Amino acid sequence: MSSARCALGPLLERLGVSTDVVKDGAWADLFFPSRRLDEGERAVVERDLYVIYVTFLDVVARRRRRAGSSTCSAGSSGRSTSCAR
């Protein structure tokens, strides 16, 4: 599973565009595109993406069992690695 986030800060600087951010929480600007994520923020986003992905796999597996098809589970890489009938 992968996700992308554009960090436009360097491009905006080269174009002479500046940004001002007013925020009221530590992560209020988490997805603001003019800056990069720090390691803590990256870990939070990766954890949340993994939770969403595993939830998706669980829903698919339950629906497939209900339909009499196959079940899938997430491997250590987060990819669906075992699907059996």
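No value in this document is a laboratory result; all are computed from the given coordinates. Here the structure is a predicted model, which is why all the values come from computation and not from measurement. As a convention, Cβ positions derive from the backbone with ideal geometry for all residues, glycine included, and neighbour counts pool all protein chains shown.
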Rounded to whole Hz, the Karplus (6.51, -1.76, 1.60) HN-Hα couplings of the stretch 40-54, x for glycine and proline: x, 5, 4, 4, 5, 5, 5, 4, 5, 4, 5, 4, 4, 5, 5
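Order of 9-21, 51-63 by packing, highest average Cβ count within 10 Å first? Could the numbers behind the result be given before it?
Values: 9-21: 10.2, 51-63: 13.3.
Top of the packing list down: 51-63, 9-21.
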